Each structure stands twice: as structure tokens, then as C-alpha cells.
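Some notes on the structure that comes next.
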């Protein structure tokens, strides 16, 4: 798991994951991506989308990250605008 020398940038709220992502992605990889998301490592997002997330940290918009598992499965992590909940899912489950 990637370690960070600073606290998380925001609260994740209630964390939930869909059955699809739990079946397709190893739990350790989900946990690592969730840690990265909370620390502002947005994964494989475009530069523009990463910039949008940085603005959303202070502006109260939702935060969106995308990651690839070791097996090549793309999955998303979305934290709601009010930081009440974070959902981990496959793109096909959106």
C-alpha cells in the first residue's frame, strides 16, 4: 500500500462498494486505491479532471478517481459533494 506523509485531504464518509467491483478487484487493491483517493492521488484521470478535483476539494463538489487493478480492471471511486459517502464501483455499474 502506498504510504503518505500527510493526512487525508477530506473525509470519505460512509464507504460502500458494489458487488461487481468486489468480485473483479482484489480487496487489497481496492483499499490501496481508496487510500490514494483520500490523499488526492486521482489515479488515471486526465490532467483536466485532476484539476477539477483539486478545485472540488474547497468548492464542495464531488470527487472522482479512476484506477486500474493489477489485472487491468478499471474501477472508479466517487465521493459525494457533501463528503457523506464514497462509492467504489465498476464503470459499467454507474
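Derivation of every value follows stated rules applied to the coordinates shown; laboratory data play no part. If you're wondering where the values come from, they're calculated on a predicted model, not measured in any experiment. Cβ atoms come from the backbone with ideal geometry, glycine included; neighbour counts cover every protein chain shown.
Residue 37 passes every criterion in (1) under 18 Å from residue 13 (Cα atoms); (2) exposed (fewer than 15 other Cβ atoms within 10 Å of the Cβ); (3) in contact with a strand residue (DSSP E or B) (Cβ under 6 Å, 6 or more places away or on another chain) apart from (2).
Take the conditions (1) under 24 Å from residue 28 (Cα atoms); (2) out of contact with any helix residue (DSSP H, G or I) (no Cβ under 7 Å at 6 or more places or on another chain); (3) surrounded by fewer than 17 Cβ atoms within 10 Å (Cβ to Cβ); (4) touching a residue at least 24 places away in the same chain (Cβ under 8 Å); residue 87 misses just one of them, which is (3). The residues on offer are 20, 40, and the sole one that is on the phi > 0 side of the Ramachandran plot and either free of Cβ contacts under 8 Å to residues at least 12 places away in the same chain or not in a strand (DSSP E or B) (or both) is 40. Looking only at residues in the range 43-69 that are touching a helix residue (DSSP H, G or I) at 6+ places or on another chain (Cβ under 9 Å), in contact (Cβ under 8 Å) with a residue 24 or more places away in the chain and more than 16 Å from residue 20 (Cα to Cα), the one that is surrounded by the fewest Cβ atoms within 10 Å (Cβ to Cβ) is 43.
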